[in-house]
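Engineer: Below you'll find the structure I mean.
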Amino acid sequence: MPLTPAELAFDSSGTPFSPAYGDVYHSADSGPGQPRHVFFGGNGLPQRWRGARVFTILETGFGLGLNFLATWNEWRADSERPERLHYVSIEKHPFGRVALERAHRLYGEFGALAAQLRAGWPAPVSGLHRLHFEDERVTLTLAFGEIAEVLPRLRLSADAIYLDGFAPQRNPEMWSASVMKRLASLAGPGTTVATWSTAAVVREGLEAAGFALEKRPGFGRKREMSAGRYAPRWPMRRTAQPAFVPTSRHAIVVGAGLAGAAVTERLAARGWRIDLVDTRAAPALDAPDSFAGVFHPHVSPDDCIRSRLVRNGFVYASSRWQTLERAGHALAWSQCGVLQLSADSAQDRRMAATIAALAYPPDFARYVERDEAQSLAACRLHRGGWWFQSGGWMRPSSVIAAQLAAAGASVTPHFGTAVSAIVRENDVWHARAGDGSIIASAPVLVLANSSDLTRLATLAQPLAIVRGQVTYVPAVDIAAPRTVVIGSGYVLPPTDGLVVTGSTYDRDDGDAGPRVRGHEANLLRLARLLPDALRPVEASALTGAVGFRSVTPDRMPLVGAVPDLDAVLSRKADLTGAHLPDLPRRPGLYCVAGFASRGLVWAALAGEIVGSLLEREPLPVESDLADSIDPARFVLRLVRRGRL
């Protein structure tokens, strides 16, 4: 759904004001004072969060971010604060960075924190956006979209709820009974709620949803406010499968490619110890230095599941890479932009119509005519297409090396070592070598070993292996573009005297060496993309590289807890109408694989998902996206069809 950014205005008292809703963003008495009194105090903070490892706050209506900034400020000041603070906030009309900067000038006490918030502020596109602060001890997850659509898709357990937004008579959808019921579904025993409103519709909706409320003194000129806790008068729902709780923060990760390195870095950031196992002696350096991949959003007219997951992963990965660079880790990459060209005039029209309907911010995705496309690429093209300004190319070996360096001493490497079998005994997973010896033991094991994972764990679905060959063309032989150009293939700008182009898509082909016919196929793709670029060149004289992709039947990745097929088989008669949460899982066993050609955009997000699952933190993706990548989805389909 396209987002409409908020318009910043001020009323006669100088208080930030919304022309669209005819209401102020906070009390005229004090912007910072209201969240401290109403939301922080109304939820019994800081007392309630003391001693917690993870504390989660859910907010309706991010606005200018004052509630978040005030909470973050209080967290910093509290010596008994929780180890990790998660703050999840829904916003239908996010401000742009420039408007936020203008508004934040009014609140000098939050100056440094507000600057950090704006520095990480995402593009105003729908979905979840995760920002990390304070060495990742404070995490903000922004949910951009309509509350009625976003709230049912959140996966979290809130400890406290900040019920904010414009007045009920100005924005009734924010305060509806259905919203209150959804909030209750994300609450648990002891969850508190606070709001500045005492309107009957608000109180009645909360009480009907199971919250016990009381009126308390309000802030400023407002006489009263509402506060309470979740205390339903009926039995509470329980999930079909209890959440796995590890006995210690120690994991084995099998595979040190894009997936394994991302999982390792995300777990290390949470204080985990990792035994990292890989058959290669130097996982980050197994590809030539010139090998590179492309990263960019995926656009579809209906904004399908794949487009949404790629968008979420693209934004998160870009943010993580910038964070790694700021920490001093070298990355070989460039956000030079990506041009996705149309194939013909009919597709031209469809691409233009799609971008117009989705109404993305121009710096995220826009349609460009042929003349502008040629200007951006600095070479002749047949057609225009989509321009992704923040897209580009990345050398996977560099991000793998950076992530493992960031994990540092948390990692015990076992490189040049093959895992022959995995066994769980007495709540501990053992990775065993071919001679039966134990390579490593831990309560959690993550399989990030591409298509080889089905040798160690059954998913009721094999993974296809697709060979991809890229070709290196000497820069002197091509008038190369200054952006990435993609279509039937792709071509990168020149780097270190070479231009990378490709790629073949060879199913069930295990040949690891570049072939002449692969170079010939890549040169044909290149000629279609850049009609005048290539000088005569012999394919047999070219070099290249080969990589292998693991691909699922639906071309969506596998991220999450591995199903327990034996337990499913023993209960299959009871599971014909099951949902994913009903399926038994192998305790402590997770997998991350099946990235196809999107490993660069999905790996960091997949690692964050696994870390969130293990720590029982809010998920960084919406529930339907989490379901679309659940490793048990193939088992569920077979069970429902009676074919298991």
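The values are calculated or read from the model by the stated rules, or taken from the named source; none is laboratory data. As the structure is a computational prediction, the values presented were derived from the model and not from experiment. When we count neighbours, we look across all protein chains shown, and the Cβ atoms used for this are built from the backbone with ideal geometry, even at glycine.
Engineer: Taking GLU173 as the residue in question, decide whether it is at pLDDT 95 or above, surrounded by fewer than 22 Cβ atoms within 10 Å (Cβ to Cβ) and over 16 Å from the mean Cα position of the chain (by Cα).
Structural biologist: No, not satisfied.
Engineer: Identify all residues within region 343-361 that are part of a helix (DSSP H, G or I) and not basic (Lys, Arg); write none if there are none.
Structural biologist: SER345, ALA346, GLN347, ASP348, MET351, ALA352, ALA353, THR354, ILE355, ALA356, ALA357, LEU358
Engineer: Which of the residues that make up region 240-272 are part of a strand (DSSP E or B) and either among the hydroxyl-bearing types (Ser, Thr, Tyr) or over 11 Å from PRO413 (Cα atoms) (or both)?
Structural biologist: Residues satisfying the conditions are HIS250, ALA251.
Engineer: Taking the condition of being surrounded by fewer than 16 Cβ atoms within 10 Å (Cβ to Cβ) and in contact with a Leu (Cβ under 8 Å, 6 or more places away or on another chain), how many residues in region 1-56 meet it?
Structural biologist: So the count comes out to 2.
Engineer: Between a residue in region 167-185 that is more than 18 Å from LEU58 (Cβ to Cβ) and any residue that is among the β-branched types (Val, Ile, Thr), which pairs come within a Cβ distance under 8 Å, given they are 6 or more apart or on different chains?
Structural biologist: Note: pairs meeting the criteria are PRO168/VAL201; PRO168/VAL202; PRO172/VAL201.
Engineer: Of the residues in region 381-415, how many are in contact with a helix residue (DSSP H, G or I) (Cβ under 6 Å, 6 or more places away or on another chain) and surrounded by fewer than 16 Cβ atoms within 10 Å (Cβ to Cβ)?
Structural biologist: So the answer is 0.
Engineer: If you don't mind, there's one more thing I want to ask. Can you say whether HIS382 is out of contact with any Asp or Glu (no Cβ under 7 Å at 6 or more places or on another chain) and either closer than 30 Å to ALA346 by Cα or assigned by TED's automatic domain parsing to the domain that holds GLU136 (or both), as far as the supplied structure shows?
Structural biologist: Yes, satisfied.
Engineer: Let me ask you something else. Has region 195-213 got at least one residue that is touching a residue at least 60 places away in the same chain (Cβ under 8 Å) and surrounded by fewer than 22 Cβ atoms within 10 Å (Cβ to Cβ)?
Structural biologist: no
Engineer: Residues of region 524-560 being in contact with a helix residue (DSSP H, G or I) (Cβ under 7 Å, 6 or more places away or on another chain) and either surrounded by fewer than 13 Cβ atoms within 10 Å (Cβ to Cβ) or at pLDDT 95 or above (or both), which ones?
Structural biologist: ARG535, SER540, MET556, PRO557, VAL559, GLY560
Engineer: For THR417, which of the numbered conditions (1) outside the structural domain of LEU267 (by TED's automatic domain parsing); (2) touching a strand residue (DSSP E or B) at 6+ places or on another chain (Cβ under 7 Å); (3) among the hydroxyl-bearing types (Ser, Thr, Tyr) fails to hold?
Structural biologist: (1)
Engineer: Separate question: For TRP386, only one of the following conditions fails: (1) assigned to a helix (DSSP H, G or I); (2) hydrophobic (A, V, I, L, M, F, W, C); (3) farther than 30 Å from LEU453 by Cα. What is its number?
Structural biologist: If we test TRP386 against (1) assigned to a helix (DSSP H, G or I); (2) hydrophobic (A, V, I, L, M, F, W, C); (3) farther than 30 Å from LEU453 by Cα, just (1) comes out false.
Engineer: Looking at region 332-342 only, could you name the residues that are touching a helix residue (DSSP H, G or I) at 6+ places or on another chain (Cβ under 7 Å) and in a loop (DSSP other than H, G, I, E, B)?
Structural biologist: ALA332, GLY337, SER342
Engineer: Listed residues ALA442, ALA464, ALA431, ALA479; which is of a type outside the set (Ser, Thr, Tyr), more than 20 Å from TRP602 (Cβ to Cβ) and at pLDDT below 95?
Structural biologist: Only one candidate passes the filter, namely ALA479.
Engineer: Is region 452-465 home to any residue that is more than 30 Å from VAL277 (Cβ to Cβ), touching a residue at least 40 places away in the same chain (Cβ under 8 Å) and either charged (D, E, K, R) or touching a Phe, Trp or Tyr at 6+ places or on another chain (Cβ under 8 Å) (or both)?
Structural biologist: no
Engineer: Of everything in region 321-340, what is over 15 Å from ARG395 (Cα atoms) and polar (S, T, N, Q)? Give them in sequence order.
Structural biologist: Correct list: THR323, GLN340.
Engineer: Next question. Pick out the one residue from PRO152, PRO122 that is of a type outside the set (D, E, K, R) and either free of Cβ contacts under 8 Å to residues at least 60 places away in the same chain or out of contact with any His (no Cβ under 9 Å at 6 or more places or on another chain) (or both).
Structural biologist: Testing whether each residue is of a type outside the set (D, E, K, R) and either free of Cβ contacts under 8 Å to residues at least 60 places away in the same chain or out of contact with any His (no Cβ under 9 Å at 6 or more places or on another chain) (or both) leaves just PRO152.
Engineer: Exactly one condition in (1) touching a His at 6+ places or on another chain (Cβ under 6 Å); (2) farther than 26 Å from LEU85 by Cα is not met by GLU617; state its number.
Structural biologist: So the condition that GLU617 fails would be (2).
Engineer: Sort out which residues of region 531-568 are of a type in the set (Ser, Thr, Tyr) and in a strand (DSSP E or B), and write them in order of number.
Structural biologist: Hits for region 531-568 are THR543, SER550.
Engineer: Please work out which residue is surrounded by the fewest Cβ atoms within 10 Å (Cβ to Cβ), limiting yourself to region 475-514 and to residues that are part of a strand (DSSP E or B) and free of Cβ contacts under 8 Å to residues at least 60 places away in the same chain.
Structural biologist: ARG507
Engineer: Tell me whether region 590-597 contains one or more residues that are in contact with a Gly (Cβ under 9 Å, 6 or more places away or on another chain), over 27 Å from ARG182 (Cβ atoms) and modelled with pLDDT under 95.
Structural biologist: So far as region 590-597 goes, yes, one or more of its residues are in contact with a Gly (Cβ under 9 Å, 6 or more places away or on another chain), over 27 Å from ARG182 (Cβ atoms) and modelled with pLDDT under 95.
Engineer: Continuing with the same structure: Given the conditions (1) of a type in the set (Gly, Ala, Ser); (2) over 14 Å from GLY313 (Cβ atoms); (3) touching a helix residue (DSSP H, G or I) at 6+ places or on another chain (Cβ under 8 Å), which single one is not true for GLY607?
Structural biologist: Condition (2) is where GLY607 drops out.
Engineer: Being in the same structural domain as LEU447 (by TED's automatic domain parsing), on the phi > 0 side of the Ramachandran plot and touching a Lys or Arg at 6+ places or on another chain (Cβ under 8 Å) is true for just one of GLY577, GLY588. Which residue is that?
Structural biologist: None of the others qualify; the one that does is GLY588.
Engineer: Can you tell me which condition PHE364 does not meet? The list is (1) touching a Phe, Trp or Tyr at 6+ places or on another chain (Cβ under 8 Å); (2) more than 25 Å from LEU526 (Cβ to Cβ); (3) assigned to a helix (DSSP H, G or I), and all the others hold.
Structural biologist: Going through (1) touching a Phe, Trp or Tyr at 6+ places or on another chain (Cβ under 8 Å); (2) more than 25 Å from LEU526 (Cβ to Cβ); (3) assigned to a helix (DSSP H, G or I) one by one, PHE364 breaks only (3).
Engineer: Can you find, within region 463-474, the residue that is farthest from ALA377 (Cα to Cα) among those that are of a type outside the set (A, V, I, L, M) and crowded, with 20+ Cβ neighbours inside 10 Å?
Structural biologist: Filtering first and then ranking leaves ARG467.
Engineer: I would also like to ask the following. In region 558-574, what residues are without any contact (Cβ under 8 Å) to a residue 24 or more places away in the chain and more than 13 Å from LEU589 (Cβ to Cβ)?
Structural biologist: Selection gives SER570, ARG571, ALA573, ASP574.
Engineer: Determine whether region 50-57 contains at least one residue that is touching a Phe, Trp or Tyr at 6+ places or on another chain (Cβ under 7 Å) and within 27 Å of VAL621 (Cα to Cα).
Structural biologist: Within region 50-57, one or more residues are touching a Phe, Trp or Tyr at 6+ places or on another chain (Cβ under 7 Å) and within 27 Å of VAL621 (Cα to Cα).
Engineer: Test ARG221 against the stated conditions and say whether it is more than 22 Å from LEU154 (Cβ to Cβ), loosely packed, with under 14 Cβ neighbours inside 10 Å and at pLDDT below 95.
Structural biologist: In short, yes.
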